[in-house]
Each structure stands twice: as C-alpha cells, then as structure tokens.
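The values are calculated or read from the model by the stated rules, or taken from the named source; none is laboratory data. Keep in mind the model is a prediction, meaning the values are calculated, not measured. Reconstructed Cβ throughout: ideal geometry from the backbone, glycine too, with neighbour counts over all protein chains shown. When the accessible area is computed, the model is the full protein with side chains, heavy atoms only, and any ligands, DNA or RNA have been set aside. Shrake-Rupley method; radii C 1.70, N 1.55, O 1.52, S 1.80 Å.
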Amino acid sequence: MTTVNIYLNFPGNCRQAFEFYRSIFGGDFPYVGTYGQMPVQEGMPPVPENMMDKIMHMSLPISKETTLMGSDAGGGWEPELVIGNNFSICVNPDSKEEADRIFGALAEGGKVMMPLSITFWGDYFGTLTDQFGINWMLLVSLS
C-alpha cells in the first residue's frame, strides 16, 4: 500500500521543532542524522562547516501509517528556504516500478531536482517540483 507523509524543511532549527512535536505527539525518533554524517558523494559540493551539525534527516512516527519527517535546508544543494515552500509530500510506493510511474507522471511539466536512484542509505529515492510548484519526494524502502 502506498503511503503519503509530509516532509518539512527548516532554516536550522529542525531538531528544536521535532522536540516540540514529540512533546505533543509522543514517541521516539527512529533516525536522526546530521549533514556531517553523510558520506562524501561524487559530483556533490562538500558540506559547509556551518551545516555539519544540522539535521540531514529525522523522523517522528505519528501513527502506524503516518510519519512526520524533516531536515534543515541549506548548503547550496538545497533549494532556498522560503516559509511556505518548506515542505514536500513524500510518497512511499511499494515498488521501484510504481515509484518510476508516479515520479514520471508528476515530473511532466515540472523540474526534477534529484532523479530516482539508489541512495547512500540504501533506499530508492528522488525529488521533484511538479508543474504547479508542489515539492514531491518518492521513497521506496529496499531493506
């Protein structure tokens, strides 16, 4: 079953925001990773020193079907953060084939930011902005 979640981007206060959300919804963070923990990737600019301790990704399950996810934006490889465009809809299809189909359809008339590919964390992932200016992420867990 395909699920849909919201992915939030913050101007450097992601950890603080997620601590606040956890105080409301409860639960634990199954993953918290900083930009400094990312492996060096060929063709990508290095992580700026001021971003090393910022959040690359963290998540907070809200229910069995819903997870709030987020990161700190910046570093030149992230779109410029503007409150109002600081979220993406994250679609989690059951297969790479379904992800390819959905990604291709959403990309028509839009802009692909990161093509679907297997990532350093082992999942199939890509991002785009559709023709209406809405940010999308597609993620297929391969584990």
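Taking all protein chains together and rolling a 1.4 Å probe, residue 94 ends up with roughly 110 Å² accessible. Shown here is the pair-distance distribution of the chain: with all Cα-Cα distances grouped in 5 Å bins from zero up to the longest one, the shares run 2, 9, 18, 23, 22, 17, 8, 2, 0 percent.
If we count chymotrypsin sites (Phe, Trp or Tyr not before Pro) as exposed when they sit in a DSSP loop and have at most 12 other beta carbons within 10 Å, what is the longest stretch of the chain that avoids them all? Maximal segment without exposed cleavage sites: 32-119. A DSSP coil position with no more than 11 other Cβ atoms inside 10 Å describes the following GluC sites (Glu not before Pro) in the range 39-123: 42, 65, 80, 108. Entry note, the chain: relative contact order of 24 percent, from Cα contacts under 8 Å with a spacing of 6+ residues.
Under a Cβ-only charge scheme (Lys and Arg +1, Asp and Glu -1), can you give me the dipole magnitude of the chain about the Cα centre, in debye to the nearest 20? List each step's numbers first, then the result.
On the way: 7 positive and 16 negative charges, 44 e Å.
That gives the chain a dipole magnitude of about 220 debye.
For residue 20 and residue 42, the difference between the fully extended length at 0.36 nm per residue and the C-alpha to C-alpha distance is 4.4 nm. Expressed to the nearest 5 percent, the antiparallel share of DSSP beta bridges inside the chain is 75 percent. Once all protein chains are placed together, residue 96 keeps about 70 Å² accessible to a 1.4 angstrom probe. Bridging of residue 111 to lysines at a Cα separation below 22 Å is possible for 96, once same-chain residues fewer than 8 apart are set aside.
Taking the chain as a Gaussian network of alpha-carbon nodes connected by springs under 10 Å, the highest mean-square fluctuation of the residues 56, 44, 113 belongs to 44.
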